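Encoded as structure tokens, the structure appears first; notes follow it.
No value in this document is a laboratory result; all are computed from the given coordinates. All of these numbers come straight from a predicted model, not from anything done at the bench. Cβ placement follows ideal geometry from the backbone for every residue including glycine, while neighbour counts extend to all protein chains displayed.
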Amino acid sequence: MSKRLVVVAIFIFAIFMANNSYAGKKKAFDFTLNDLNNNPVSMKSLLGKGPVYIAFWATWCKPCKNELEIVSKIYDEYKDRGFQLVGINEDAGHSLGKVKSFVKSQKWNFPILLDKNEKVKRDYKAFGLPYSVILDAEGNIIHTAYGFRPGDEVKVKELIESHLLTDEADSTAKKATE
């Protein structure tokens, strides 16, 4: 077997394992990262409201941009029902100004966190980009995926919808228990 075929087989196996290794089995790794305004944001602060979509991305990654354009529309639709979208930028070598201007040009209105030392990337085994993790409100990992292909948004939307509060009564009840 050629070296190239072996490398491709290992890559496919790694993607398969990554897409199936966490879902339903693990809690989210705790972290605190700074946002684009240098404010700390912790994983714990994101939990308890509804599902959380974590997108690992970089400015140079066209598939990342495509994913975030699509998922940001889902975010706009469901953010009032507890859905949260967080982009974790992996441009460790780029300046903060470049990342800020890129985000501004995209008109993204969700938090962008900076993983300057790539620790969170390693903790979540985000060995390629784009990489996404979906958590339920309690912080259980319910889905992971490398890449984002046309049609993936259907599964993402179904997962998000299945973990949203169902109506205003649930929202009121949840707030009363907090």
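Within segment 51-108, the set of residues being free of Cβ contacts under 8 Å to residues at least 12 places away in the same chain, touching a helix residue (DSSP H, G or I) at 6+ places or on another chain (Cβ under 9 Å) and basic (Lys, Arg) comprises Lys73, Lys107.
When the residues of segment 121-135 are filtered to those that are out of contact with any helix residue (DSSP H, G or I) (no Cβ under 9 Å at 6 or more places or on another chain) and in contact (Cβ under 8 Å) with a residue 12 or more places away in the chain, the one that is surrounded by the fewest Cβ atoms within 10 Å (Cβ to Cβ) is Asp123.
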